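A short write-up of the structure that comes next.
Values in this text are rule-based calculations from the coordinates and carry no lab data. Note that the structure is a prediction, hence the values are computed from the model and not measured. No Cβ is skipped: glycine too gets one built from the backbone with ideal geometry, and neighbour counts run over all protein chains shown.
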Amino acid sequence: MDWIRGIQRAVDYVEAHMTEPIDYEEAARQAYSSSFHFQRVFSILCGFTLGDYIRMRRLTLAGSELASSEIRVIDAALKYGYDTPESFSRAFTRFHGVTPSQARRGGAPLRSFSPISVKLILDGGNTMDYRIETKDAFRIICKKKRISGKDEMTTEEISRFWQTCSADGTIPALCRYALEPSMFDGCIVGASFGKDAAQKEFPYAVGVPYNGIPVTDEGLTVEEIPAHTYAVFPCVGKMPEAFQVLYQQILSEFFPSSEYQPCGGTDFEAYPSADVNDPDYACEIWIAVERK
């Protein structure tokens, strides 16, 4: 199943359960994906997170119901997933510009955020540089962050993790264990692992290919990466804008028309330096793939 149809299935699931607790793992299953990977893909393609989508849709429905029925504010708050009328009122006012009580009295201007309808639109031919690489199993040494599959995941969470690794000495420590030469040509990589079935979490890591010397630094682990075929895409430009634009092209243009599809293996972002504000910054995206 391609990403376009998968995302639509997930959106349909979310819309059908809008007044219930949304299970992020189940939404991802509708797209035949892991929660971590689906949420990341969703935010790149749509420009907002799955959690943002759910909040805006719930507040849209709440505004409509308050304006057209006799529902009490406290009942609307509970129906649309808020623990207290106060938290609901704050979110409602930020979104609509009026309070729930004003909306209930009628005549107040309200905002509407419509449901997503996922479509593949062809708007002209674009060229994309890529290569296919088949790699044997290898090891990386890394620092991991575990993200619950049932919770909302944001790109800011990963950005903060990179900032922490840069500030706490993790990056220099990793460089002492870096294998040279390696498939990533001396880059520090961000690794998106598959699901940890035992803990129901999705590890993300900052690491390097491992040179095998004894590990003496706390907080670092050595991970086995299975053999994979990768689609590798060069990315040039200021981060994270260039990365987001390229990833959107990969998901919306490359995979729908390619003989390859993501296989749920470990994906990598390979960064040569921390100078991500350079307009000519060059990095690579490695996505584990299989033939359709």
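Can you tell me the 0 to 90 degree angle between the C-alpha axis of helix 3-16 and the longest principal axis of the chain, rounded to 10?
Between helix and principal axis, roughly 30 degrees.
If one takes the longest principal axis of the Cα atoms in the chain, at what angle in degrees, from 0 to 90 and to the nearest 10, does the Cα axis of helix 35-46 lie?
Relative to the chain, helix 35-46 is tipped by roughly 70 degrees.
So for D168, D12, fewest C-beta neighbours within 10 Å to most, what's the order?
Numbers: D168 12, D12 16.
In order of increasing Cβ crowding within 10 Å: D168, D12.
Please report the equivalent ellipsoid semi-axes of the range 1-104, computed as sqrt(5 x eigenvalue) of the Cα gyration tensor, largest first, in whole Å. Could you put the intermediate results ahead of the total?
On the way: eigenvalues 168, 32, 25 Å².
That gives 29, 13, 11 Å for the three semi-axes.
Which residues' amide hydrogens lie under 5 Å from the amide hydrogen of Y210, considering only partners 5 or more residues apart or on another chain, with H built in the peptide plane?
Placed amide hydrogens put R139, I140, I141, L179 under 5 Å from Y210.
Quick check: the angle from helix 85-96's long axis to the longest principal axis of the chain, C-alpha only, nearest 10 degrees?
Here the helix axis deviates by roughly 80 degrees.
Pop a pseudo-label 7 angstrom from the Cα along the beta-carbon direction at both S64 and E180 and give the gap in nm to one decimal.
6.0 nm
Tell me, what is the FRET efficiency for V236 and E15 to the nearest 0.05, using R0 = 35 angstrom and their Cβ-Cβ distance as r? Intermediate values should be presented prior to the final figure.
On the way: r = 38 Å, r/R0 = 1.08.
It comes out at approximately 0.40.
Hey, could you pull the Cα Rg and Dmax for the range 191-292, both in Å?
Spelled out, the Cα radius of gyration and Dmax of the range 191-292 are 15.5, 47 Å.
Under a point spin-label approximation (7 Å from Cα along Cα-to-Cβ), what is the E224-T99 distance to one decimal in nm?
It is 6.2 nm.
I'm spelling it out carefully: the read-out is mean projected area of the Cα convex hull in nm², the candidates are [x] 14.2; [y] 16.0; [z] 17.6, and one was derived from this structure. Which label?
Checked against the structure: label [z].
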